[in-house]
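The structure appears right after this line, and notes come after that.
The values are calculated or read from the model by the stated rules, or taken from the named source; none is laboratory data. Computed from a predicted structure; not experimentally measured. Quick reminder, even Gly has a Cβ in these numbers, built from the backbone with ideal geometry, and neighbours come from all protein chains shown.
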Amino acid sequence: MNTSIYLHIPFCKHRCAYCDFNTYAGQEDSIPAYVNALIREIEFVGHRAGQTNIHTVFFGGGTPSLLSALQFDSILKALYSAFTVTADAEISIEANPGTISPEKLNAIRKSGINRISFGVQSANTEELRMLERIHDFFTVIEAVSTARKAGFDNLNLDLIYGLPEQTLASWQTTLHRIVDLHPEHISAYALTLEHGTPFGRWSSKGLLPLPDPDLAAEMYEYAEEFLESNGYVHYEISNWAKDINQLSANSTQPSYACRHNLQYWHSLPYLAFGAGAHGYANGYRYSNALRIKTYIERLLHPSSFTPHPFPLSPATVNQHKQTLQDDMSEYMLNNLRLTNAGVADSDFRLRFGSGLLDVYPREIDELVKNGLLEIKTSEVLETSEVYRLTKRGRLLGNQVFMRFV
Ligand code: SF4
């Protein structure tokens, strides 16, 4: 079975007010030591992995584009020598449009990175300012053009909607401007106000007008219609992709779907490297130490920590051996996100030895009666039934997912 790799790069130039990711501003001096620690962790896990084929690699953050081309090169070399990376592997990097240069993009494209994802969030100057992003939309246009010239033909743009004081018209303008840039893939997530972030604190003190949920729903519905009418296939609740193969008979995913994220949504294994990174492999869900210094320290002195079965490393601080119940429940939560594919009864049966209606009869019955789930005959496996979210179910995804926890 193919495995994926996630590498966390927890550095940012500035910490945006809404962000609750494990990322730190003003610690760029630690990047060289961090890259060395990352390489040690890759070697450590690689030695215990046996024959492991890697078909997707994802540099996420944080702001991976703060690393130099040489640093990417040395991490990729470590990956290639520790694992068998398939010839057609998807290798993605998240980039902040304000932190790239033609030289850097040319060099990282040459090093084998073949997909780039820009955190755009909005095309509106005021909204970008409110989010405390370091770029404006002109920088985005330049970044996309630079990426194209460097040879990136698989490009994602990330957006956020449901911002305080955002209007439907301003969201529509953002979508139009984004589509004009012809990315192969678009992600659009609703803003969530997280505890512990400045946005969360301001909102609890009444200083930040809460995003209106009805308006956010209207924005989502507009995105669904507009993106589909512009040739993007809505394949996951928050993700759209171009399709050059016209959803063929043996695939329910568009050709530019993010293969790395499909690994998560299909509940398939992925290894995690870096501070605070989360992984799922060999029956474990696990995560690493959050702080950069602790992470580096643990990899400098690996013998001070208890022995580690694959895929754990000296940086692992949380590990959970999955039960069958955990795996089934997570399988439902992940796969139901796939708006086209949904959950096929035959796939569930193959993986867990029981049918969906044997395990979740009451839950499925209620959700279908409430118009949140629909049952279709699979277009790929004509004999199998597929359960997927209805249009309403996509808007109320959390209510559906809670039923399977
Ligand atoms: S650039 Fe991205 S990861 Fe960094 S603080 Fe802002 S939102 Fe978070």
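Which one is nearest to N124 (Cα to Cα), of the residues in region 151-209 that are among the acidic types (D, E) and in a loop (DSSP other than H, G, I, E, B)? Explain how you work it out, then say what you get.
Kept after step one, since they are among the acidic types (D, E), are these residues of region 151-209: 153, 158, 165, 180, 184, 194.
Now restrict to residues that are in a loop (DSSP other than H, G, I, E, B): 153, 165, 184, 194.
Details: D153: 26, E165: 12, E184: 21, E194: 22 Å.
Restricting to residues being among the acidic types (D, E) and in a loop (DSSP other than H, G, I, E, B), the top hit is E165.
Of the residues making up region 102-123, those that are crowded, with 21+ Cβ neighbours inside 10 Å and either part of a helix (DSSP H, G or I) or more than 16 Å from the ligand (Cβ to nearest atom) (or both) number 5.
Could you list, in sequence order, the residues of region 147-173 that are surrounded by 19 or more Cβ atoms within 10 Å (Cβ to Cβ), away from the ligand (no atom under 16 Å from the Cβ) and closer than 22 Å to S65 by Cβ? The answer is A147, A150, F152, N154, L155. What is the residue count in region 54-82 for residues that are more than 16 Å from the ligand (Cβ to nearest atom) and out of contact with any Phe, Trp or Tyr (no Cβ under 6 Å at 6 or more places or on another chain)? So the count comes out to 18. Residues in region 249-275 that are of a type outside the set (A, V, I, L, M, F, W, C), over 15 Å from the mean Cα position of the chain (by Cα) and under 24 Å from F72 (Cβ atoms): 1 in all. Across region 53-75, the number of residues qualifying as closer than 23 Å to A257 by Cβ, more than 20 Å from the chain's Cα centre (by Cα) and surrounded by 15 or more Cβ atoms within 10 Å (Cβ to Cβ) comes to 0. Among residues of region 86-111 that are more than 21 Å from Y6 (Cβ to Cβ), none has a beta-carbon under 6 Å from a residue that is among the basic types (K, R) and within 16 Å of the ligand (Cβ to nearest atom) at least six positions away or on a different chain. Scanning region 326-385 for residues that are within 17 Å of Q253 (Cα to Cα), over 27 Å from the mean Cα position of the chain (by Cα) and among the hydrophobic types (A, V, I, L, M, F, W, C) turns up just one, L381. Answer yes if at least one residue in region 314-330 is under 23 Å from F21 (Cβ atoms), outside the structural domain of I31 (by TED's automatic domain parsing), at pLDDT 95 or above and assigned to a helix (DSSP H, G or I), and no otherwise. Checked region 314-330: at least one residue is under 23 Å from F21 (Cβ atoms), outside the structural domain of I31 (by TED's automatic domain parsing), at pLDDT 95 or above and assigned to a helix (DSSP H, G or I). Within region 327-336, one or more residues are among the polar types (S, T, N, Q) and closer than 20 Å to T3 by Cα. Across region 14-53, which residue is farthest from G196 (Cα to Cα) among those that are charged (D, E, K, R) and away from the ligand (no atom under 12 Å from the Cβ)? Checking each candidate, the answer is R48.
Checking T99, T192, T139, T197 one by one, the residue that is among the hydroxyl-bearing types (S, T, Y), loosely packed, with under 15 Cβ neighbours inside 10 Å and within 16 Å of the ligand (Cβ to nearest atom) is T192 and no other.
Scanning region 16-31 for residues that are outside any strand (DSSP E or B) and free of Cβ contacts under 8 Å to residues at least 24 places away in the same chain returns G26, D29.
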